[in-house]
Structure formats: structure tokens, C-alpha cells
Amino acid sequence: MLEHIKSFASGFFVTGDPMIYGADVSILLTILAVLFTLTYFKKWRWLWKEWLTSVDHKKIGIMYILSAFLMLFRGGVDALLMRAQLAMPNSNLLQPDHYNEIFTTHGVIMILFMAMPFMFGLFNVIVPLQIGARDVAFPFLNSLSFWLFFAGAMLFNLSFVIGGSPDAGWLAYPPYSELMYNPGVGQDFYIWGIQISGIGSLMTGINFIATILKMRAPGIKLMKMPLFPWSVLSSCIAIIFSFPILTATLALLFLDRYAGAHFFTLDGGGNPMMYINLIWMWGHPEVYIIVLPAFGIFSEIVSTFSRKKLFGYHSMVYAMMIISILSFLVWAHHFFTMGSGADVNSFFALTTMLIAIPTGVKVFNWLFTMFRGRITVRTPMLWTIGFIPCFIVGGLTGVLLSVAPADFQFHNSYFLIAHFHQVIIGGVVFGYFAGLYYWWPKMFGFTLNEHIGKWAFWFWNIGFYVCFMPQYVLGLMGMTRRVVSYSWDKGWWPLNLVSTIGAGLMGIAFLFQAWQIFHGIKHYRKNRDTTGDPWNGRTLEWSIPSPAPHYNFAVVPQVSELDDWWEEKQRREHNPYVPPAKEIIEPIHMPKNSGIPILMAGFWFMAGFGFVFHWLWLTVPGLAGVAICMLAHSFNDDSDYYIPIEEIKETEAAIRKVTTS
Amino acid sequence: MAHTDSTHSVEDNHGSLKSYTIGFLCSIVLTIIPIAIILGGWLEGTSKAVALMMFGVLQFIVQLYFFMHLREEKKPRYNLISLVLGLVILVVIVAGSMWIMLYNMVAL
């Protein structure tokens, strides 16, 4: 019996690597610490009632962002390990198979489990506040989306200690991701982690389209809506059309691995190139999905900190919608070298270059907004100003890559690596950080220390250039991506060392950010945002107290123009004696919290885990649990309640008292 | 939210027994014919593929028209807009994939 358990455990748990043993211990200790703290301070009930079962979009948003930060940490450690390995030639720090696992998990985590939840977090916290809504269109679904993402992310991360990580690259190209070459469970963890969180992403896309189209406060016509919700709409349109492709593609790959199908195998009539074709149909829109909201964030910040109306609002809206649709027409530029011939390649090269036009329009709009504005450089604006040159260079190297004949030279080299890190870090990550700093006071009710924030910014920004500029050159020198090591005679050592130093600088920048947040929490009372409008903002979210009460708006606002809050403040300044419009408080209709989403995600996790290990005894009850949760929710009529007028008045009075004292 | 459903159910009042019956019969016929084509071996090769795809498209239209009530939607016609966009993207995906994969010099 003991022997039996031993042999099972040696295959089940990842063994043999001291780094992983270290990680095992630290994971265990962290879990114990969390459990102990919760029990010691008797916070279990509070956690369950206030957070885990919450359908409040602001709380869900905060949970998304918290998860994204944890994932950023893990993805960042992966990145630092890779850079440490490449710092010296012939390095033995990581074994080749371990290196493969690390670059795979780095990519998957950063895109799917860091950028996506960070983005959804910002959607959740801000979109309803900006359009004057009290929650999203489907609050229950919203909670379910978060928990499905969480279950998927945990399933994927579990592969680190149980069963072994996937190692076929972040997009798991066959034939290497097929059973024949990859018989372990890593790829199945990959498939199910992404599938389960993908359901959540799709539902979030639907949810926010419905929210933006149907839940705007009276007077917010589409063309009077702030740009962030516009960017969310364009991003969500791309989500609902592209994520089904990902789901179908990974389902086919799973059938290959699980049921012995031959969609992408080398034999039996399969074609691995079809997988590459399909996965990029999702993969390309995906990069626009994550960068469009960043464009929206920059538009809000530029206008706020320049004290000016955004230049070219209409062209901005059209540019984002065009990018959202055009992103579906460029996918083949990821595999020009597949050999589809000149016709195919020139078509996709042209569509790729076309996307640069609306993007260029946006850059000029931001610049013209700043032109002759009264710019105040606070941290959100700093990130925006850092973003513009970075994204321009990233965009230009993208245009270079889009030249199909030249791409045969650049393809899969470090030139490509440098390019996409430049647009994704310079565009997406800088954008989300800018948004996080900008809306932090609205989320938590206190401001962060600007001084530490500036240190973090400069470390990030300088570290970025030090890390990735050498990689362009390395790419041109012939260094290909995913190489585990190189010899002295290649001449790549000095630039690789510089690049590693840059990565270290970004690691330090992350520590600064963590410090900034801890510092903010520690000096919470001193830095309280009592005005609700710390940046002298322009849009509706700044018209309510920070943090927003759980019903957001005591009275649904009546909006008459773009940047309505700014215009309102102007009116009040010109004519302070006009009393504000009489506000009639009515009972507020709100959704009730529900424990079903977290339970259902737990069942999905069970089912996914069962699929990974071919354990039907776990899969079947898991899926049955999912079905039961769906039924239970369908027959639950007790899903909403009204907040009585007295309670609203009390809450408002309490907030006002805090904000005026 | 549940409360707003009272206004929704008034709009929801569409479709008649007649239209549902016609829709049901159409979709049944459009399902039986392709099955018969396969089981009876009436057509071969390209003509079979084209015929099957045609019946698939017809089935799609019947479903949208009789069961999804596409033409009864009020303005702004978000359902129609998203359907058209979905179709455009579907065509791009299918036609684009065929173009890329069939003209693939390596695969040939």
C-alpha cells in the first residue's frame, strides 16, 4: 500500500528540482499563513459575505486586479529566471526542459492570467461608474466570470507543482503539443486552464457590451460617452467574436490528445498548420483586446491632466472601432514563413500596415490634446507620457515586421521578442498601471505616494529600454527566441548581459510598486481622498465619493454633455448661487450576493482536473455539480432587493461626514 | 434584473402557432434532406459538399427567421447588427482559412 502511494506521488507531484521544492515549501507556508490569519482574526465570515460571494462590480474588479498582481509576480519571476539563464553563455542555471516550461508559463500567465484580469478589473471598477449605472447588466454572471477565471488560473498554476508544467510555448503549437511528443499532463493543464477561464472572458465580453449599450444613465448618448467605455465596447466586440475560435481550437487539440483524433497530428490526415492558422485568428484580435482599453485609459488621463477636452473625440471612437474589426483581418502575419505564397502574404502585410493608420490617428490625438494644455505631471500622466514614445517605436518595428519578405529574416528572432514586449509592456502594462494609479483613489478612498510612484515609473521605464533595446540588435545578429543557451563565439554575451540588467531594473520597479501600495495602506488616514475628485476629473465617476458606496449613485445622474462632471463644475464656478438640482432619493434596486458562482467555479475546477488526469470519477461529479449549480440558479427567484430610502440617506450622511471632517 | 422584466414581456409577445409550425416543418425538412443525401448516396464529391453546406445555411436562416424573431426586433437593431458582423467575421474566418491553407506552398 505504502509503495503504491509512493509510486503514485512520485508521478503526481513534480520532483527532482530544488527550485520547485523551494516553491512547494513557500506555497505551503503562504497557504498556512493565510489560513491562520483568517482564523485568528475571525475573518472567514467577513471574507465569504463581503468578498467571495459579492456581485458588486467594484469588489469583483478589485479581486481581479489583486489576482492580476499575483500573476504579474509569478510571470515576472519566470521572466527573471529566463534572463538570469541567458545572462552568461553556456549557462547551466536552468535545464533545457525546465527552461521550456518557464517561457511557456511566462507567456500564458502574462497574457491570459495577468493582462486579461487586470483589464477586466478596470472594466469592472470603472465602466458602471462612468456611465452612471449601479452595477453591470448581469451581476451574477459577472461574479461567475471572475470565479471561472480564477479557477482556470489556479488550474494552470497548479501544473507547477502537480504533474508538470506545459512546455510547448504560450500558444502550444502542434505537433509538439500533441500526445506523441508531449505525453505528460502539462498540455492538458494548459488546455483546461485556458478553456475554463475563457468561458469567463466570453461572458465578461457579453456582459459589458450589454452594460454599455443598455445601462447608460439618461442623457448619455453613445457619442457623449467617455472614451474608456468606448474602448471597452470595442475590446468586448473583439472578445465575443474571437474567444469562441480559441475555445474551438483548443477543444480540437484536446480531442487529439484525449480521444485520439487527428486534427493537428502529422499523420492520419491532420495538419498542424491549421492549428497555427486557427489559433492566430484568436491570437491577433487578443492583442488588440488588451491594448484597446489601454488606449481608452490614456485618453481619459490625457484629457484630465491637460485640463482640456480630448482632441478629436469622434476620430478616436472611429479609430477604436476600426481597429477592433480590422484586427480580424491580419492574423496570417504571424506565420508569413509558413509559405502560403506571395498573394496571401501581401494581402496580410497590407492589412497589417493599415492598422497603423487608426493607431497613428490616436497618437496624434493624444499629442494634440496635450498641446497648449495646462499639463500637471502626476503619476498617471507620467505613465501616459512614457507610453507614447515607447508605443511609437514598438509600432514602427511592428510595421517593419509586417513587411512579408523582411519577416523571413525577423521571424521568431529576438527582434520579434523585443517588438511584442515593447507594444505589450509599453502599451498594455503602462496603460493599466496608468489606469490603476488614476482610479486608485476611487477604488480605495486614498491616494498613493507620488514620490515612490515616480521611482517605480522611472525604474520600469529605464529598465524597459535597457532590457529590450539590446534584444532588437540580438535578433538582427541571429539570436532566435526560446534558445536555452548560446556559446561564447556567437558574440551575443554583452548585449544579453545588458538585457538581463534591464530585466532586474524592472523587477526592482515592481518592488517599488509593492512598497507604494503598502505605504499607502499604512498611511491610509493621512492620504484619504475626501473630495471624491482628487485629480479634478471630467467624468461621472469623480462626481461621487471615494470609495463609491455600494449602490454607486444615490440618484441616477442626468447627463447633458460629454465630460458632464467637468461642465457641471464649470457651471457651479460661474454661478455658485444656483442651488444644485433637487435630488429625490428613491429605493434602489440591487442584486443579491450569491455563493453559486464560486461553487460552480469549484466544480469546473474539479472537472478540469479530472480531464487532465483522465479521472472520470472526478470529471463526472464536477460536471454534474456545474449542472446542479445552473439549475439552482435558474430556480432562484430571490435574487434582488431594494435598499430603503432611510438606509441610503444614512449612508450618504455618513460618507459626507467623513469627507467633510 | 428581474424587476425590469415586466416591460420586457410585452415586447416578447411575438410569434404565432402558425409561424412556429411552418418554422418547425421547414427545419425538419431541411434536416431530413441532407441525411437522405448521405444515407442514400445521392450525390458525390464536391456537389455533395456544396449541397450540404447550402442546406446548413438555409437551416440557419429558418432558425433566425422563425425562432429568433430577427425581423421583429425594435430599433436600434443590435441583434441584426451583431449578426451581420458575426457573418462577416465568419466569412473572413472560413474563406481566409481556405485561402491560406489551400495555397500553402509547403503543404502542397
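The values are calculated or read from the model by the stated rules, or taken from the named source; none is laboratory data. Just so it is clear, the structure is predicted and the values come from calculations on it, not from any experiment. Please note: Cβ atoms are built from the backbone with ideal geometry, for glycine as well, and neighbour counts cover all protein chains shown.
Things to note:
- Scanning the stretch A:557-573 for residues that are out of contact with any Gly (no Cβ under 6 Å at 6 or more places or on another chain) and part of a loop (DSSP other than H, G, I, E, B), we see that the one that is farthest from A:Y438 (Cα to Cα) is A:E561.
- Selection of helices (runs of 4 or more DSSP H) fully inside the stretch A:593-661 by the criterion of at least 3 residues being of a type in the set (F, W, Y), surrounded by 19 or more Cβ atoms within 10 Å (Cβ to Cβ) and away from every other protein chain (no Cβ under 14 Å) returns A:596-612.
- Listed by first and then second residue, the pairs linking a residue in the stretch A:469-483 that is under 8 Å from A:L495 (Cβ atoms) to a residue that is part of a helix (DSSP H, G or I) and of a type in the set (G, A, S), with Cβ atoms under 7 Å apart and 6 or more places separating them unless they lie on different chains, are A:P470/A:S499; A:Q471/A:A418; A:Q471/A:S499.
- Some residue of the stretch A:291-301 being within 30 Å of A:Y176 (Cβ to Cβ), among the polar types (S, T, N, Q), crowded, with 22+ Cβ neighbours inside 10 Å and away from every other protein chain (no Cβ under 13 Å): no
- Just one of the numbered conditions (1) more than 25 Å from the chain's Cα centre (by Cα); (2) of a type in the set (V, I, T); (3) crowded, with 22+ Cβ neighbours inside 10 Å is not true of A:V377: (3).
- For the stretch A:245-262, a residue qualifies if it is more than 13 Å from chain B (Cβ to nearest Cβ) and either over 26 Å from the mean Cα position of the chain (by Cα) or buried (at least 21 other Cβ atoms within 10 Å of the Cβ) (or both), and the qualifying residues are A:L250, A:L253, A:L255, A:D256, A:R257, A:Y258, A:A259, A:G260, A:A261, A:H262.
- The set of residues from the stretch A:405-456 being polar (S, T, N, Q) and part of a helix (DSSP H, G or I) comprises A:Q409, A:Q422.
The rows are residues; the columns are (1) at pLDDT 85 or above; (2) touching a Leu at 6+ places or on another chain (Cβ under 6 Å); (3) more than 11 Å from chain A (Cβ to nearest Cβ).
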| position | (1), (2), (3) |
| --- | --- |
| B:G15 | no, no, yes |
| B:Y20 | yes, no, yes |
| B:I33 | yes, no, yes |
| B:A49 | yes, no, yes |
| B:M54 | yes, no, yes |
| B:S97 | yes, no, no |
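- Residues in the stretch A:263-278 that are farther than 14 Å from B:G96 by Cβ, within 12 Å of chain B (Cβ to nearest Cβ) and surrounded by 22 or more Cβ atoms within 10 Å (Cβ to Cβ): A:Y275 alone.
- Number of residues in the stretch A:464-497 that are of a type in the set (V, I, T) and closer than 11 Å to A:L86 by Cβ: the value is 2.
- Condition met for A:L367 (closer than 24 Å to A:M469 by Cβ and in contact (Cβ under 8 Å) with a residue 60 or more places away in the chain): no
- Only one of the numbered conditions (1) touching a Pro at 6+ places or on another chain (Cβ under 6 Å); (2) surrounded by fewer than 19 Cβ atoms within 10 Å (Cβ to Cβ); (3) closer than 18 Å to A:I417 by Cβ is not met by A:Y486, and that is (2).
- Here is the figure for the stretch A:78-97: residues that are surrounded by 15 or more Cβ atoms within 10 Å (Cβ to Cβ), part of a helix (DSSP H, G or I) and not polar (S, T, N, Q) total 8.
- Of the residues making up the stretch A:443-479, those that are among the β-branched types (V, I, T) and modelled with pLDDT of 95 or more are A:I452, A:I462, A:V466, A:V473.
- If the condition is being more than 9 Å from chain B (Cβ to nearest Cβ), under 26 Å from the mean Cα position of the chain (by Cα) and of a type in the set (G, A, S), then the stretch A:327-352 contributes only A:S327.
- Positions within the stretch A:508-538 being under 30 Å from A:P470 (Cα atoms) and either among the polar types (S, T, N, Q) or surrounded by 17 or more Cβ atoms within 10 Å (Cβ to Cβ) (or both), in sequence order: A:A509, A:F510, A:F512, A:Q513, A:Q516
- Residue in the stretch A:308-322 that is polar (S, T, N, Q), in contact (Cβ under 8 Å) with a residue 24 or more places away in the chain and either more than 29 Å from A:L227 (Cα to Cα) or within 14 Å of chain B (Cβ to nearest Cβ) (or both) present: no
- Taken together, B:I37, B:I93, B:I61 contain a single residue that is surrounded by 11 or more Cβ atoms within 10 Å (Cβ to Cβ), within 14 Å of chain A (Cβ to nearest Cβ) and either under 25 Å from A:G341 (Cβ atoms) or within 20 Å of the chain's Cα centre (by Cα) (or both), which is B:I93.
- Criterion violated by A:I357 - all others in (1) aliphatic (A, V, I, L, M); (2) free of Cβ contacts under 8 Å to residues at least 24 places away in the same chain; (3) within 14 Å of chain B (Cβ to nearest Cβ) satisfied: (3)
- Meets criteria (surrounded by fewer than 21 Cβ atoms within 10 Å (Cβ to Cβ) and more than 24 Å from the chain's Cα centre (by Cα)) for A:F311: yes
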